[in-house]
Structure formats: structure tokens, C-alpha cells
Amino acid sequence: MNKKVSILIPCYNEEKSLPLMYQALCDLVSSPELGERYDWEWLFINDGSVDQTLDVLKELRQHDPRVCYIDLSRNFGKENAMSAGFDYVTGDCMIIMDADLQHPPALIPQMLEQWEQGFDDVYAKRLSRGRESWLRRKLSLFFYSLLQRSTRVDILPNVGDFRLLDRKCINVLRRMRESQRYTKGMYSWIGFRKKELLFEQQDRVAGTSSWNFMGLFNLAIDGITSFTTFPLRLATIIGVAVSLAAFLFLVYVLVCTWIWGDPVQGYPTLMVVILFLGGVELLALGIIGEYLGHIYHESKHRPTYIAREYNGELLTDGYARL
């Protein structure tokens, strides 16, 4: 009996990319080495697209049973869309890819080869980041550096979602139901045997990226607050340092007053000290607020996504096949 390989592809407004992605997958498995050795499932997650993405998926499904799809009730974001994929894939392993072909399917045979050799998580590391602006590239590298220094989990830089995961990894990820998700950290947190492959990230074949600066910033905040409490400790350190500086300044003022008297001057200094202390307090409150926000969202115990349809079958409860 052949092993089954599932390919998970989150989609948001990818109607132009999907036919090209489908053809690339067909070309990939047309070789006897892959087509006859493995059974295939291509699971597309329609994450609330507002174009014709769902119609394209339905048409592909009619002509090819290897194509499977989940239609979410609205746009839940890529992280939650992948969570739906973890629940629904049926393969012995799963490969996560973008629908825009920035992740080359030609790397899949190497991933499967490493998987057959016993590796559970075969991740693809980018040699370059494609057509990213200089600012975005530098901010991304700074974020990874900051996360590496502030958490005990080894977060891999320049490594995204393009990877192969064994069924044991999938089962563990399914059990992680937090609503504020940062899967790149989760892959590292679960451990297992990992193997690195290098690849050149391609440009999008069609459409435009749905990720903007604010979306990436929010993802970075989720990544930091999900895997480290270092910002809270940093707020404590800043508070201690400011208190010490304020105490030293108080001693300085008392000494100056004792020696030279108490002139009326000092308004600018007073305002600077008040504004500085107020800014530090607001910074600390903001950091605490981020963590309280996470607690607030997690305490609701809402599902990470709601599925409306699976392979043409309307789902009455909207929940996953757990």
C-alpha cells in the first residue's frame, strides 16, 4: 500500500494562480517515481476569498479527485487557515506551500527523500527573499534576531511555512488550539528530527500579496508575545532603572538645594522628568496590555476557524473533523 502525501495550500484571492499551481502539481506527480510510489491529496483552504477562488477550486475538484478544498466562512488569516488544514489532511505526511508558486514544487522530491530517511520536519530555508524591499528585509531579519535572543525556542531565520511534516508532527499541531497562532514558532517548539533544505524563493506568478506592513507587524507581535515573556521582564528592568535614576536625581536636587538654596528655576527639567516617566509607564502598560489581550482571547475558547464546506459537502456545525 502506497504512502499518502498531502499538500496543504492556503488561498486568499488566488483565482489567477490556482490553474498554474494545479498544472505544476500535475507535472510534478506525472513522473513514475512520484506518481506511482505515493498517493496524493492536494488540500486547498479558501480563506474567505472575495474573487472566484472557490469556483476555480470546485471546477478542479470535478475533474480531479486528488483536489480537495475547505471553504471557510470568512477570512480568518493564513495562520488559522493552516490550522484547518492540520485538521483535515489525511496523508502520512503534509507539505505546506503557497498558492502563488513562490515555493517551487521541484523541491518536493528532495523533501520526500529526506522524509523517507527518517526526518520528521523537512523545512526549506530561503537563500534570498525575492522582490522584497530593503526596509522589509531588514525588519524581518531584525524580528528573527530579536525573537532568537528573547526566547528559549530556536526560531529559525529565513524559514517560512514551506516544509514537510510527518503525521506525528501534524497530530501534535492539531492539539495546539491557541487562537493567537504563530506556526513558525510552533514548528520549532514541537521539536522532532529536523532537516534543512535550501531554495531560491520565486516571484509570484499572478496577483498581489495580501500581506501589508501592518499585517506583518501584527504577526511579529503575535510571534513575540506567544513564545516569550521577555517584554514583561524588559518593562521590569526599565522600571527598576528609571526608579534608580529618579532616586539619584532626587539626591542631586537635595544636595543642590542644600548648597545653593532653592531657586524658582527648574520648570524644563520638571517637565522632562514627568514626560519621561509617563512615557515609560505607558510603555509598560502597553506591554502588559498585549499579554492581557492574549489572555482575553484565549479565555473565550472560540474555534480558530469555521468551515462552511468541505469538498462540496455543507457542514452544519462548522467545526473540524477532530
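The values are calculated or read from the model by the stated rules, or taken from the named source; none is laboratory data. On a predicted model such as this, the values are computed, not experimentally measured, just so you know. Neighbour counts run over all protein chains shown; Cβ positions are idealised from the backbone, glycine included.
Residues in region 272-322 that are of a type in the set (Gly, Ala, Ser) and closer than 25 Å to Phe249 by Cβ were compared, and the one that is modelled with the lowest pLDDT is Gly279.
Modelled with pLDDT under 85 and surrounded by 16 or more Cβ atoms within 10 Å (Cβ to Cβ), is that true of Arg136? Taking the combined requirement at face value, the residue does not satisfy it. Close Cβ contacts (under 7 Å, 6 or more residues apart or on different chains) running from residues in region 49-60 that are within 13 Å of Tyr12 (Cα to Cα) to residues that are surrounded by 15 or more Cβ atoms within 10 Å (Cβ to Cβ) and of a type in the set (Ser, Thr, Tyr) comprise Ser49/Tyr12; Leu57/Tyr69.
In region 74-84, the count of residues that are surrounded by fewer than 19 Cβ atoms within 10 Å (Cβ to Cβ) and either modelled with pLDDT under 75 or not aromatic (Phe, Trp, Tyr) (or both) is one or more. Of the helices (runs of 4 or more DSSP H) lying entirely inside region 161-228, those containing at least 2 residues that are modelled with pLDDT under 70 and crowded, with 18+ Cβ neighbours inside 10 Å span 213-227. Considering every residue within region 38-55, establish whether at least one is exposed (fewer than 15 other Cβ atoms within 10 Å of the Cβ) and under 14 Å from Glu309 (Cβ atoms). There is at least one residue in region 38-55 that is exposed (fewer than 15 other Cβ atoms within 10 Å of the Cβ) and under 14 Å from Glu309 (Cβ atoms). Among the criteria (1) crowded, with 16+ Cβ neighbours inside 10 Å; (2) in contact with a strand residue (DSSP E or B) (Cβ under 8 Å, 6 or more places away or on another chain); (3) free of Cβ contacts under 8 Å to residues at least 40 places away in the same chain, the one Asn2 does not fulfil is (1). The set of residues from region 80-95 being more than 18 Å from Asp47 (Cα to Cα) and either of a type in the set (S, T, N, Q) or in a loop (DSSP other than H, G, I, E, B) (or both) comprises Thr90, Gly91, Asp92.
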